[in-house]
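Chemist: Let me give you the structure first, and then I'll get to my questions.
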Amino acid sequence: MVMEPQNIYSLCPATILRVLPQIQDHRLFQLQLDDEETRQQFKHSPGQFIEVSIFGAGEAPISITSPPTRNATIEICVRRSGKLTQALFQLGKGSRLHIRGPYGRGFPVELFKGKKLLLVAGGLGLAPLRSLLLYALDKRDEFDDLTLMYGTSSPDTVLFKYELLGLMDRSDLQYLYSVDRDDEGIWKQYVGVVTGLFDRASLSAQDTYAVLCGPPVMYRFVVERLLTLGFPRQHIYVSLERMMKCGVGKCGHCAIGDKYCCTDGPVFSLDELEHIPEAL
Ligand SMILES: Cc1cc2nc3c(=O)[nH]c(=O)nc-3n(C[C@H](O)[C@H](O)[C@H](O)COP(=O)(O)OP(=O)(O)OC[C@H]3O[C@@H](n4cnc5c(N)ncnc54)[C@H](O)[C@@H]3O)c2cc1C
Ligand code: FES
């Protein structure tokens, strides 16, 4: 449920509880809303985002990477890229910032229940998919087969490394990881682009929903592969990233054809994008 302040741009104060360095220029921030009532009301679904705001530095949309099943805190995984994220990286435990949201249309988790699920993540695209993955693992008996494919550029760019290592013991998750290159020869799994993992996975195209998030180039190749394997277009979901300002469907900055990424998305089925070829 979206918090409903009188002013849609009203900000909610939050405190940083923890900062966990991930890889270079990527950190996990664990936030807690300051107001108890607002905290109780804050409900999100995997795939949704918040606008993070720091006075003097502006705002930026950031995916919620924690699952709704663990909503005492809100986790975000951030890459230092520009003004807002630079300012965020100056903050530590106990610092305060502001957020608004959650916004956007997340993954259709109710539709996924009882179904097989394939999650394909590239780089920081793991952030929104981690929310869905942990949700499905927390409610494991509500889903059929679960498969995670995660590709990064090199072994030192794997996000949530220890958490992912912990998943290796699970027999109820098929996990496949790839790195594009392994100059030091230390990677024990697949070396090559993420689409190479399809040759190693056991998947049944007709009754599996595929969910993708990663760099734009990944979508084209992964979607092509999924369609070749026989995945129906309406079973393929992508989470898209566009420049955003308001986050609530007012400014038009995030338009993709006749859709707004912030309110119609960021999650779309391939079906919905069929008439917007520039979307992918
Ligand atoms: C739905 C959604 C979810 C997202 N989730 C995440 C997430 O989970 N984690 C995350 O880290 N990011 C996420 N992003 C991306 C994030 O919102 C953007 O990277 C955002 O721009 C960061 O804000 P900033 O102020 O730090 O960077 P900006 O100042 O906006 O800069 C962003 C990029 O643009 C470049 N740039 C800025 N100004 C100029 C200029 N004048 N000329 C040329 N280049 C310029 C910067 O070098 C940088 O690469 C998400 C975006 C969307 C839409
Ligand atoms: S960001 Fe303003 S309409 Fe989407």
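The values are calculated or read from the model by the stated rules, or taken from the named source; none is laboratory data. Worth saying up front: this structure is predicted, and the values here are computed from it rather than measured. Note that each Cβ is placed from the backbone with ideal geometry, even for glycine, and that neighbours are counted across all protein chains shown. Note: accessible area is taken over every heavy atom of the protein model, side chains too, but ligands, DNA and RNA are not part of it. Shrake-Rupley method; radii C 1.70, N 1.55, O 1.52, S 1.80 Å.
Chemist: With a 1.4 Å probe and every protein chain left in place, work out the accessible area per residue of region 1-101 in Å², rounded to a whole number.
Modeler: 49
Chemist: Now, a different point. Restricting to region 172-280, what percent of DSSP beta bridges are antiparallel, rounded to 5?
Modeler: Antiparallel bridges: around 50 percent, rounded to the nearest 5.
Chemist: As a test of the definition: which semi-axes, in Å, follow for the chain when you take the square root of five times each eigenvalue of its alpha carbon gyration tensor? Largest first, please.
Modeler: Square roots of five times the eigenvalues give 29, 22, 18 Å.
Chemist: Report the gain in length on full extension from THR73 to ASN7: 0.36 nm times residue separation, minus Cα-Cα distance, nm rounded to one decimal.
Modeler: Working it through step by step, the gained length comes to 21.4 nm.
Chemist: With viscosity set to 0.692 mPa s and temperature to 37 °C, compute the Stokes-Einstein D of region 67-213, Rh being the Kirkwood radius across alpha carbon pairs; µm²/s, no decimals.
Modeler: 194
Chemist: What does the charge count near ILE16 come to, summing +1 for each Lys or Arg and -1 for each Asp or Glu among other residues with Cβ under 12 Å from its Cβ?
Modeler: +2
Chemist: Next question. Count the net charge of all other residues whose Cβ sits under 12 Å from the Cβ of ASP182, scoring Lys and Arg as +1 and Asp and Glu as -1.
Modeler: With Lys, Arg at +1 and Asp, Glu at -1, the net is -2.
Chemist: To make sure I understand the rule: partners must be lysines, Cα under 28 Å from the Cα of LYS245, and not fewer than 8 residues away in the same chain. Which ones qualify?
Modeler: Excluding near neighbours in sequence, the set is LYS43, LYS83, LYS93, LYS259.
Chemist: Take region 12-103, compute every pairwise Cα distance, and split them into 10 Å bins from 0; I just need the percent in each bin.
Modeler: For region 12-103, the pair-distance distribution reads 17, 57, 24, 1.
Chemist: Let me ask something additional. Net charge within 9 Å of ARG79 by Cβ-Cβ distance, Lys/Arg positive one each and Asp/Glu negative one each, not counting ARG79 itself?
Modeler: Once positives and negatives cancel, what remains is +1.
Chemist: GNM on the chain, C-alpha springs below 10 Å: top fluctuator among ARG220, ARG18, ARG96?
Modeler: ARG220
Chemist: Mind checking the angle between helix 216-229 and the chain's longest principal axis? C-alpha axes, 0 to 90 degrees, to the nearest 10.
Modeler: For 216-229 against the chain, the angle is about 40 degrees.
Chemist: Carbon-plus-sulfur fraction of the accessible area of region 102-194, 1.4 Å probe, in percent?
Modeler: 50
Chemist: Rank these by accessible area, largest first, 1.4 Å probe: GLU184, GLU51.
Modeler: GLU184, GLU51
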